[in-house]
C-alpha cells in the first residue's frame, strides 16, 4: 500500500478514533479520580480537585481507625484463594468427566445441571443461610465458599475447552498402565493449564467482588470482606470521601493487578464457555 | 471386543461418573435443593425461624400483588432493563466493530481502557459513582463552573435523576464486558468479508447492519440473556449507589427481597421466598423467550 493510501485510510478512521478516545476517557476517568481522591481530604474533593493531594497518609490512618482493614484484606484473600482452588478442582474434574467420558446419560445430567444457571442468588439465599447457620459455618471460610465451589458456568467452561484435549493421550496413558485419576492429574491438568489460568482469574475476581452472599453469611464484623468494608464506610450519615476512596482503592488493588497482568486470561475467562 | 476390553470400558465409565459426582452433588445441595426449599417456604408465614403454614395458602403471593414497594421495584428493574440493556449492547457492538478494524492504531491500549471498568468490583464502582454524583461532588462542581447549572443538584436524592445515574453507572460498568464477547465473535468472522464489502462500496453503516449484526446474532442472543439475568438480579448498585432511595424510588427486586429477609428486625422469610420465586419465574420466562427468538434465524 502506498503512503498516500495509508494516510487516507487513517483519515477515514478519524471518527472511530474520536469515539474511542471519548469512551476511553469515560472508562478511565472515574478510576483515575478514585485514586486521586484517596490522596485528598474531603473538603478538597468537594471543591472539585481532581489532581493528587497530600492527604493520603491522613486518609489511610483514618481508614485504619474506622475499619479493620488488614483483617478484611486477609479475609478476602483467604476466601477468594480457597474458593478458586476448590472451584477449579471440582469443576475441572466434572468438565473432564462430562467431555472425555461422555455418554447419553451424562449429557442429560449436564443439561439438567445447566438449569441451575437460571436460579437467582436471591432465591437460594434464605435456605442457604439457614443451612449454613445450622452447620455452624456462619462467619467461616466454608460458609463463604460452599455455595460457590461448583458452578454450571465453570463446568461448562472446562467441558468446552476439554474438546481440544487429544484422546490419543488418554489411550497412550492407559496402555502405560496409568489409572484414570492419574491421567487427570498427570496428563489433563498440565495440558489444560491455560484453561486453568483463565478459570482461576475469573473465579478469583468473582469471589473477591462478591457482595450479596458475604453480606448474608458474614454476620460478624471480624469476618467481613473488603466490599463489605467499603460499603460500611459509606453507610454513615456524613461520608468522608477521601477515606472512602482510600478504602475503595485498597479493595481494587488486587483486582486491578490481576486485570493488568492477566488481562488475556481474564478476557478468556469471561468468554470461556462460549466457543 | 474381548471380555477384557469390555471390563476396561465399564471401569472407564465408572471413573467418568466418579469425576463428575462432586460437582453434581454440590450443585444439587447448593442450588436445586435450596430452590425447592424456597418454594416450600414461600407458603409459610411468620418471622425468622418461627414459620408456620400461611393461611390461606397463597397469602404471600396475593400479598405481592398489593405490595406497592414490590410493584415499584418491579417497575424499576424493568426500566433499567429496557433502557440500559439496548444502549449498552449497541455501544458494545460499535466498540467491538471499531476495535476489530485492522488499520486501527493503538488497538491494545484502547481495548484495555474500554475493558478497564470490569476490573472494579460492583460495590467499588457504585461507591465511586455515588461520590462523583454527590450533592457536593465533582459532577456538580464541573457543571457549576461551566455555568450549566446555577446550584448544586441533589442527583441521588431525586427519583428521576437517581434512576438515570444507576443506568449510566450500569452502562459504564458493563459495556466493556460485553464488548469482549463481540470482539471474540468478530474475530471468528473472516476479515475478507469486510474487505469484499468495502470493494463493493458498502458504507460502514450498511456493513454494520448487513454483516456484523447477522453474523454476531448468536453472541448477541447470549449477551442479551446474560444482561437480562443480571439486571433482574441487580443488588449491589441499588444498595450502594442509592440505597434504594429516595423513599424506595430506585429499589430493585433483589434489594427489596434482601431487605424483607435480612433488613433490620424483619426476617420475613416466607414472604421474601415468595418474591424470590417470582423473580426466578421471570428470569426463566425471559431466558426462554430469548432462546426461542434466537433460534428462529433462517
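The values are calculated or read from the model by the stated rules, or taken from the named source; none is laboratory data. The structure presented is a predicted model; accordingly, all values stated were derived computationally and were not measured. We place every Cβ from the backbone using ideal geometry, glycine too, and count neighbours over all the protein chains shown.
Quick notes
- Hey, residue A:213 at the interface with another protein chain (Cβ under 9 Å from one of its Cβ atoms), in contact with a helix residue (DSSP H, G or I) (Cβ under 9 Å, 6 or more places away or on another chain), at pLDDT 90 or above and assigned to a helix (DSSP H, G or I) or not: no
- Hits in segment A:30-59 - residues which are within 21 Å of residue B:172 (Cα to Cα), at the interface with another protein chain (Cβ under 9 Å from one of its Cβ atoms) and part of a helix (DSSP H, G or I): A:30, A:31, A:33, A:34, A:37
- Residue match in segment A:104-117 (condition: within 27 Å of residue B:41 (Cβ to Cβ), within 11 Å of chain B (Cβ to nearest Cβ), buried (at least 19 other Cβ atoms within 10 Å of the Cβ) and free of Cβ contacts under 8 Å to residues at least 40 places away in the same chain): yes
- Residue A:122 being free of Cβ contacts under 8 Å to residues at least 12 places away in the same chain and within 12 Å of another protein chain (Cβ to nearest Cβ): no
- Boolean, residue A:32 is closer than 23 Å to residue A:255 by Cα and either under 23 Å from the mean Cα position of the chain (by Cα) or surrounded by fewer than 17 Cβ atoms within 10 Å (Cβ to Cβ) (or both): yes
- Some residue of segment B:255-268 being under 29 Å from residue B:180 (Cα atoms) and either modelled with pLDDT under 85 or more than 7 Å from chain A (Cβ to nearest Cβ) (or both): yes
- Residue within segment A:185-201 that is part of a loop (DSSP other than H, G, I, E, B) and touching a residue at least 12 places away in the same chain (Cβ under 8 Å) present: yes
- Put simply, of A:138, A:109 the only residue that is farther than 30 Å from residue B:252 by Cβ, touching a helix residue (DSSP H, G or I) at 6+ places or on another chain (Cβ under 8 Å) and modelled with pLDDT of 90 or more is A:109.
- Test: residue B:88 is part of a helix (DSSP H, G or I), touching a residue at least 24 places away in the same chain (Cβ under 8 Å) and either crowded, with 21+ Cβ neighbours inside 10 Å or facing chain A (nearest Cβ under 9 Å) (or both): yes
- Being in the same structural domain as residue B:65 (by TED's automatic domain parsing) and within 30 Å of residue B:113 (Cβ to Cβ) is a property that does not hold for residue B:266.
- Residue within segment A:50-60 that is surrounded by 15 or more Cβ atoms within 10 Å (Cβ to Cβ) and closer than 27 Å to residue B:109 by Cα present: yes
- Failed item in (1) within 21 Å of residue A:252 (Cβ to Cβ); (2) within 31 Å of the chain's Cα centre (by Cα), with residue A:49 passing the rest: (2)
- Yes/no for residue B:45 being more than 13 Å from every other protein chain (Cβ to nearest Cβ) and either under 30 Å from residue A:10 (Cα atoms) or buried (at least 18 other Cβ atoms within 10 Å of the Cβ) (or both): yes
- Residue check for residue A:85: without any contact (Cβ under 8 Å) to a residue 24 or more places away in the chain and within 18 Å of the chain's Cα centre (by Cα): yes
- Residue in segment A:73-80 that is in the same structural domain as residue A:168 (by TED's automatic domain parsing) and over 24 Å from the mean Cα position of the chain (by Cα) present: no
- Taken together, the criteria place residue A:153 among residues that are more than 8 Å from chain B (Cβ to nearest Cβ), surrounded by fewer than 21 Cβ atoms within 10 Å (Cβ to Cβ) and under 30 Å from residue B:276 (Cβ atoms).
- With respect to the conditions (1) within 7 Å of another protein chain (Cβ to nearest Cβ); (2) under 29 Å from the mean Cα position of the chain (by Cα), residue B:136 lacks only one, and its number is (2).
- For segment B:93-120, filtering for residues that are in contact (Cβ under 8 Å) with a residue 60 or more places away in the chain and part of a loop (DSSP other than H, G, I, E, B) leaves 2.
- From B:134, B:126, residue being in a loop (DSSP other than H, G, I, E, B), surrounded by 16 or more Cβ atoms within 10 Å (Cβ to Cβ) and either touching a helix residue (DSSP H, G or I) at 6+ places or on another chain (Cβ under 8 Å) or not assigned by TED's automatic domain parsing to the domain that holds residue B:216 (or both): B:134
- Residue in segment B:76-83 that is at pLDDT 90 or above and in a loop (DSSP other than H, G, I, E, B) present: no
- Only helices (runs of 4 or more DSSP H) whose full extent lies in segment A:217-275 are considered here, and the ones with at least 3 residues that are touching a residue at least 12 places away in the same chain (Cβ under 8 Å), crowded, with 17+ Cβ neighbours inside 10 Å and facing another protein chain (nearest Cβ under 8 Å) are A:226-233, A:241-261.
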